[in-house]
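The values are calculated or read from the model by the stated rules, or taken from the named source; none is laboratory data. All values derive from a computational prediction rather than experimental measurement. Reconstructed Cβ throughout: ideal geometry from the backbone, glycine too, with neighbour counts over all protein chains shown.
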Amino acid sequence: MRLYPLLSGEIRLANAFFVPPDGALGPYRAMLAQILRRDTAWAPVPVFLIEHPTQGPVLVDTGYARDAAGGVTRTMGRSSAILFDHRPYDLDALLARVGVQAADVRTVVMTHLHNDHIAGRERFPDATFVADRREWLAGDKGGNTLATGGYVPSMVRPITRREVIDYDGPRAQPLGPFQHTVDLFGDGTVTLISTPGHAPGHQSILVRLGGGPEVLLTGDAADLRSVVDKPARTTIMSSEEQFMDSLRRLHDYVAEHPQTVVIPGHDPGYWPSLAPVYGE
């Protein structure tokens, strides 16, 4: 098995957006910094390709749409087009470099359904999309607040090939500090971890490659590598209580498994340190 981190594009974020100022108004102050483009950095919008021995190429998240450069409002939503600057890259070309075409992908695992993660879904019309039951509900409904924003229902609702993960169902098992995990393929290679808080059905992914260290994809449960070591809230949260609980569990798991490669959601300083491929 191999895992390839792919840079599908970049999003320009205020540094305060990652970890907002203290106080009840901190997230709103961070949002103001974002609106004013104050103290910003270009942050990665990652996609991960897993070469699985029996499932073929498996994708984690979908990145930007093919027409994102000229269709940001359609694919990312009006508010995102106003709040954020986007630099989409050619995901098809990135996949081709490792010998994969979009049509080869039959499984897409979604950390969550916010626009910067789901906008590229049109590349994969024949794939089954895997997401938490609560996230499907949130994505289909949408919203416009700090707690419910980030979804473009017109991009989510057309997805008909859905695998719904129920972390309260019989497949769910505890794993270390995590209360709810699901072995996606039943072989221990890809474990989905319920990490709600940034979004109601957010999930992280633990990939055991069979050679070298395991890789933990935190998604937006941890935008920055530093907050795994020192948990801190972010700006966009469906529940701050759940977000901090998920982040502390990630922290505890990494403390117990220091050899695990941790890849956060949007860390501009950490991304260049990643290897082009993990596994054998």
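List of remarks:
- Enumeration of residues in the stretch 39-64 that are part of a strand (DSSP E or B), surrounded by 24 or more Cβ atoms within 10 Å (Cβ to Cβ) and charged (D, E, K, R): none
Yes/no per residue for (1) closer than 21 Å to residue 185 by Cα; (2) in contact with a strand residue (DSSP E or B) (Cβ under 7 Å, 6 or more places away or on another chain):
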| position | (1), (2) |
| --- | --- |
| 55 | yes, yes |
| 66 | no, no |
| 81 | no, no |
| 87 | no, yes |
| 91 | no, yes |
| 96 | no, no |
| 110 | yes, yes |
| 115 | no, no |
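- Residue in the stretch 99-114 that is within 17 Å of residue 157 (Cα to Cα), in contact with an Asp or Glu (Cβ under 7 Å, 6 or more places away or on another chain), hydrophobic (A, V, I, L, M, F, W, C) and crowded, with 20+ Cβ neighbours inside 10 Å present: yes
- Every residue from the stretch 92-144 that is within 14 Å of residue 201 (Cβ to Cβ) and among the hydrophobic types (A, V, I, L, M, F, W, C): 109, 110, 113, 118, 129, 130, 131, 136, 137, 138
- The stretch 167-208, residues that are out of contact with any Ser or Thr (no Cβ under 8 Å at 6 or more places or on another chain), surrounded by fewer than 21 Cβ atoms within 10 Å (Cβ to Cβ) and in contact (Cβ under 8 Å) with a residue 12 or more places away in the chain: 168, 171, 176, 177, 188
- Residues in the stretch 220-250 that are more than 27 Å from residue 141 (Cβ to Cβ), of a type in the set (A, V, I, L, M, F, W, C) and part of a loop (DSSP other than H, G, I, E, B): 224, 232.
- Every residue from the stretch 245-261 that is surrounded by 15 or more Cβ atoms within 10 Å (Cβ to Cβ) and small (Gly, Ala, Ser): 246
- Remark: pairs (first residue in the stretch 244-264, farther than 14 Å from residue 179 by Cβ; second residue of a type in the set (Asp, Glu); Cβ separation under 7 Å; 6+ apart in sequence or on different chains) = 251/229; 260/214; 264/223.
- Any pair with Cβ under 6 angstrom, 6 or more apart, that starts in the stretch 99-123 at a residue that is free of Cβ contacts under 8 Å to residues at least 60 places away in the same chain and ends at one that is in a helix (DSSP H, G or I) and surrounded by fewer than 24 Cβ atoms within 10 Å (Cβ to Cβ): 102/123; 115/80; 118/155
- Considering the stretch 158-213, the qualifying strands (runs of 3 or more DSSP E), each wholly inside and each with 1 or more residues that are in contact with a Phe, Trp or Tyr (Cβ under 9 Å, 6 or more places away or on another chain) and within 19 Å of residue 240 (Cα to Cα), run over 178-183, 190-194, 203-207.
- Breaking point among (1) modelled with pLDDT of 90 or more; (2) touching a Ser or Thr at 6+ places or on another chain (Cβ under 6 Å), for residue 136: (2)
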